[in-house]
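Structure first, then comments.
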Amino acid sequence: MSDAVKFHFEVDGSDFSSAGAASVMVKKKLRQLGYPPDIIRKVSIAMYEGEINMVIHANGGTADVEVSDEEIVITLSDRGPGIPNVELAMQEGYSTARENIRNLGFGAGMGLPNMKKYTDSMKIDTVVGEGTTITMTVKL
Amino acid sequence: MTVNDISAKIKAKLICGSMDKEWNGVYVGDLLSRAMSHVEADNLWITIMPNTNTVAVASLTEAAAVILAEDVELPDEAIEAANTNGITVLTSPLSAYELCVSLNDLASGSAV
Ligand SMILES: Nc1ncnc2c1ncn2[C@@H]1O[C@H](COP(=O)(O)OP(=O)(O)OP(=O)(O)O)[C@@H](O)[C@H]1O
Ligand SMILES: [Mg+2]
């Protein structure tokens, strides 16, 4: 495969019940393209957590996945409230998720730590009041 | 061992999907981002969290089946999502603990 494969998704921030749809789609595509299970697992976990965060914390956003010969790059971009203290947000167990969201099974405060753990690099660009862009890379 | 091999012992009722799935290993938990990193391919995932997000996590982790404990039922929209993604979901009157004990007995061949 020489040309990069790209996927783009608009992630709806109003519908918690369909959250994760983009990640499920990307996983199916990577499977069809024949990527190894451990790579698919890393991309699935990292992208799912990022996608869910955009839905529950930032009112939705966009997800882009670019697959090249060397790596898979996942970019999640939202115009939500931003993250005031990234270091704190990265801690296991830290969550600002409200009761109604916790009742759905979210709010363990493990999303961002999972994204870091399952990718080879992760960069968070966030401005309070403007939004957040998270770029993650999984090496092939 | 397939899901079919355990369903009678755990008094499970099939909500959707196939009983022919082979399983190996069990994870118990309701917090989605913990399940996301701990449910491994072909695991049974025991939970009392029945919604479409559960189905998404089961799909992404390639769980063999979701077992809802304590007679928890799956809402219609989640059943629809499970059918679309080929996810097997069962419900059992047993608690998570009782399910683990039964599954351990079955897996170690000591079931009566
Ligand atoms: N895209 C985002 N926009 C604004 N805030 C965010 C965003 N992503 C994460 N956060 C903040 O960082 C915190 C930690 O995120 P993390 O994903 O680790 O946990 P969580 O989403 O609260 O719970 P879990 O992911 O375990 O269900 C969130 O509670 C929220 O305050
Ligand atoms: Mg999260």
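The values are calculated or read from the model by the stated rules, or taken from the named source; none is laboratory data. Here the structure is a predicted model, which is why all the values come from computation and not from measurement. When we count neighbours, we look across all protein chains shown, and the Cβ atoms used for this are built from the backbone with ideal geometry, even at glycine. These accessible areas exclude ligands, DNA and RNA; they are computed on the full protein's heavy atoms, side chains included. Shrake-Rupley method; radii C 1.70, N 1.55, O 1.52, S 1.80 Å.
Observations, loosely collected:
- As a calculated quantity, the FRET efficiency between residue B:108 and residue B:13 at R0 = 25 Å, using C-beta atoms, amounts to about 0.50.
- Neighbourhood net charge (13 Å Cβ-Cβ; Lys/Arg +1, Asp/Glu -1) for residue B:49: -1
- Gain in span if fully extended, residue A:7 to residue A:102, counting 0.36 nm per residue against the direct Cα distance: 31.2 nm
- Among the protein heavy atoms of chain B, carbon and sulfur supply 50% of the accessible surface, probe 1.4 Å, non-protein parts ignored.
- A compact globular protein would have a Cα radius of gyration near 2.2 N^0.38 Å; the ratio found for the protein assembly as shown is 1.03.
- Legend: calculated FRET efficiency, residue B:98 to residue B:76, from the Cβ-Cβ distance at R0 = 41 Å, rounded to 0.05, equals 0.90.
- Take the Cα radius of gyration of region B:3-108 and divide it by 2.2 N^0.38 Å, N being the number of residues; the result is 0.92.
- Against the main long axis of the alpha-carbon atoms of chain A, helix A:21-32 sits at an angle near 20°.
- Projecting the Cα atoms of B:74, B:88, B:29 onto the dipole axis of chain B, where Lys and Arg carry +1 and Asp and Glu carry -1 at the beta carbon, places B:29 farthest toward the positive end.
- Computed from Cα atoms, the angle from the helix B:52-61 axis to the main principal axis of chain B rounds to 70 degrees.
- Stretchable slack from residue A:31 to residue A:130, in nm (0.36 nm times residue separation minus alpha-carbon distance): 32.1 nm
- Intensity falloff of chain A expressed as log10 I(q)/I(0), Debye formula with alpha-carbon point scatterers, at q = 0.18, 0.19, 0.21 Å⁻¹: -1.00, -1.11, -1.34
- Taking only the C-alpha atoms of region A:35-109, the Rg (one decimal) and the largest Cα-Cα distance, Dmax (whole number), read 13.9, 43 Å.
- Buried accessible surface for the B/A chain pair comes to about 1800 Å², total over both chains, computed with a 1.4 Å probe.
- Charge dipole (Cα centre; +1 on Lys/Arg Cβ, -1 on Asp/Glu Cβ; no other charges) of region B:1-79 amounts to roughly 160 debye.
- Shielding by partners - mean other protein chain Cβ count within 10 Å, residues of A:41-49: 4
- Selection among B:4, A:96, B:55 by position relative to the dipole of the protein assembly as shown gives B:4 as farthest towards the positive end (Cβ unit charges, Cα centre).
- Using a probe of 1.4 angstrom and keeping all protein chains present, the accessible surface of chain B works out to 43 square angstrom per residue.
- The portion of the accessible surface of region A:5-139 made up by carbon and sulfur, rounded to a whole percent, is 49 (1.4 Å probe; DNA, RNA and ligands excluded).
- In chain A, the DSSP-assigned H stretches of four residues or longer account for a calculated mean residue ellipticity at 222 nm of -10000 deg cm²/dmol, using -39500 (n - 2.57) per stretch and the full residue count as denominator.
- Rounded accessible area per residue of region A:7-140, 1.4 Å, Å²: 48 Å²
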